[in-house]
Amino acid sequence: MAGTTALPLQQFIASLDDTCLPKILQVCSGVYFQGSIYEISGSEVCFSTGDLIKVIGTELLSVCCEDISSNKKFELPINHTGLFKVVPEEMPYSTVEEMVSLRPVGLESCLPFTFTTRTKMTFDNFTLGSGKALTVLSIERHKGEEDQMRCHVQGQQEASAEVCIPLSSHGEFYECESEECFTLREIMSSSSLRSRRFRFTNTTKCDSPLLFTPIFQVHAVMSMRKNVLKFPSSLEVDVVDVTEQCKDVNFVTPLSLTEVHSKPAESFPAVVEILEGPETHSMFKCSWLQGLSQNSHLVFHKIGASAMILLSSLKARKAQQFFLVSQRYGGRFRRRPREFNSVYELYVASIQAPGLMVSVTRNCEEVEEEGMPALSVGERLVVVRCERMELPCESSVGQKQSVEALLCQRLEEPDDGDDDDEEEVKQEDKREEIFLPLYMQGHFVEVLADNKKYSLRDLGKEFSLPLDVKVVSRDSELETDPLVGFACLRLEGAMLEPTIQASFPHRPDSCFEIPTQWLSLSVSFTKDPLPWPSSQAPECRVDKVTEVTETFFYEFRKKGNSDAVPPPRPPKRNLSSSKSCKKSAKPSKKSSKADRSKHPPGKSVPSEELANLTLNTKRRPPAPPPPAISDDQPPPVVPRKHSGAEMTAGKALPNTYVKMDATKKVRLCDVAADVDSDHDYETVDETLMTMMKNAQENVMFY
């Protein structure tokens, strides 16, 4: 266009300031195509003569380094850790001000620097000869006076002096090489340094002067495309700036949901077009997600912030479900007792709800060396506080161990045979203090005396989360309430989310809220009319329950529990001391009664040795030590199979490893079974009988 100058794209982008964006450029150098650049984003674009490009942002990627002596070029990343020195210019400066203007921004931080003068100069009774080196110490600025440089001059015989030189002084000045070093990022951030020549401080890499050129990634939009283009500024295209002439050209500007939320409230309601739909693996499982496809339209009614609570169903046979529920939800909840699978979970819950009372749902055996008491089903515990307790056994280094434990009060239940109400009250008041180590495993359920109905907002105000609840009355404003029917729901946490209230054009009154930080969507504002008559906005019904995926739940937990401390580990045992400390667990009242009911008088009760042989899923007894073997008795040997010769002889060879007594020789095969015996023995399996019979026929006892 007339009145404009074409510049290479690289030069134009390097001279841009982000504060002056956006800029509209027109391609004027013919056709340029570089498919590999755009294949990264999955599309190919070519710039033709006359194309309009609206630059909306730039990002510094790397630096192109050109060796002036050989014209070779190479590229360095912007975060390159090497340092560079400024190469002094060979051409002289005519004024001091010209030399100072090429120093980096913030001159005081780059002092001192040294220069020489080739002309004789006089300043107020001070004459400066040619060839003298001057070191700039500071810049003197006084209101109403000309700026001056305070310089240090080294004279003969180590004499030195300071002189103030006006910046407008004329002469022939040459810059001396400075010891000051810069990084690539510092050089690119200063427009004055960017035009200078540099060399590596480490001369083994390259000793020649280098000229630096920044390479940017340009973010732009075109009038015929609906997505953001990203291309490097090193493309060999000539462009002209036509921002003023093309103000009325309509460019489609893609916006993220976060950028939409930052727009003023006066921009809504509006019709938008979806340029890029959400990802395939979205964090939402709601019905409106399927309608967010590319090229479809939405109505954005208003922006705001909504208080929401994340709910989850308990793990059962069905897959676990998660819901994001607005605090405006109109249903009513009733609290449900929480279940805890360890003492540490009790401790965490007691911090949020002091005075927590639980009931034991599974028996726990006493392990004295680890400080774990015996607990019986039905016992009630009141959590008091967390303290440290000493274990009865010593550690591996011979010192007493102390661990963190939960101090609880065990409520003693009254005896069944006591009919006196006053005595029952006295027994209920009896409380035994016990310590439960935090690493102890157990099964508890919360004891609730509250049967009140709560709204979701009241639950968030009166109780700490997480909290187990059940919906007892549905929200009448919802067509279908997905929270009804669950036996138990857990309130995981609360959040205040920036949201956009949206709807589809064919149902503008049926709205839903889109959390802008949890959904990736690219839209553009259109000039389409709103799908309702002017000044007759519909009454919107906002969906208050949004189903989300398990990924959403874990991302939410990751944000909230990033600093959560893991539960403690049990102490290391000292095997020698644990043997001495080990005692049998004391049976509780309930267990002793149960044992007496199972084994009435007159029946034999299994001994402790036989009881230990029964299957125990919690703790198996250790294997007994092998029997002691004396020196004069050899170990038992497995019976050997007899050869054919031995079988024909009619008898087996004696076991030479067993002492023989010639006076007592008995063959088990000659002893008949006593069928008429009165003893009541248990029936043995036929397979086991066959194995025993074969073993008896092949073994001789002497």
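For this structure, a couple of remarks:
- Judged by the mean number of other Cβ atoms found within 10 Å, the most tightly packed of the peptides 547-555, 126-134 leads the ranking 547-555, 126-134.
- Likely footprinting exposure, ASP450, ASP458, ASP475, fewest C-beta neighbours within 10 Å first: ASP450, ASP458, ASP475
- At an R0 of 30 angstrom, the distance between the Cβ atoms of CYS176 and LYS143 translates into a FRET efficiency of 0.40.
- Listed pairs LYS54/LYS544; LYS318/LYS559; LYS226/LYS558; LYS263/LYS559; LYS73/LYS230 exceeding 29 Å between Cα atoms: LYS54/LYS544; LYS226/LYS558
- Applying 1/(1 + (r/R0)^6) with R0 = 60 Å to the Cβ-Cβ distance of LYS120 and SER189 gives a FRET efficiency near 0.95.
- Gained length - GLN294 relative to CYS540, 0.36 nm times residue gap less alpha-carbon distance: 86.1 nm
- For the stretch 148-285, the Rg and Dmax computed from alpha carbons only, in angstrom: 26.9, 86
- Cα convex hull of the stretch 419-539 - mean projected area over all directions, nm²: 15.6 nm²
- Amide H contacts of GLU75: CYS65, each under 5 Å away and 5 or more positions distant or on a separate chain (H built 1.01 Å from N in the peptide plane; Pro and chain starts excluded).
- Within the stretch 331-368, none of the trypsin sites (Lys or Arg not before Pro) combine a DSSP coil assignment with at most 12 other C-beta atoms in a 10 angstrom radius.
- Against the empirical 2.2 N^0.38 Å (N residues), the stretch 313-394 has a Cα radius of gyration ratio of 1.50.
- Computed over the stretch 493-532, relative contact order equals 36 percent, with contacts defined as Cα pairs under 8 Å that lie 6+ residues apart.
- Along each principal axis, Cα extent of the stretch 457-522, largest first, Å: 38, 27, 18
- Were the residues from SER69 through VAL271 laid out at 0.36 nm apart, the gain over their Cα-Cα distance would be 66.8 nm.
- The alpha-carbon positions of the stretch 266-313 define a convex hull whose volume is 106 Å³ per residue.
- In a DSSP loop and with at most 10 other Cβ atoms within 10 Å, the trypsin sites (Lys or Arg not before Pro) in the stretch 486-565 are LYS527.
Only the coordinates and a few stated rules stand behind these numbers; no lab work does. Treat the numbers as computed from the prediction; the structure is a model and nothing was measured. Positions of Cβ are backbone-derived with ideal geometry, glycine not excepted, and every protein chain shown enters the neighbour counts.
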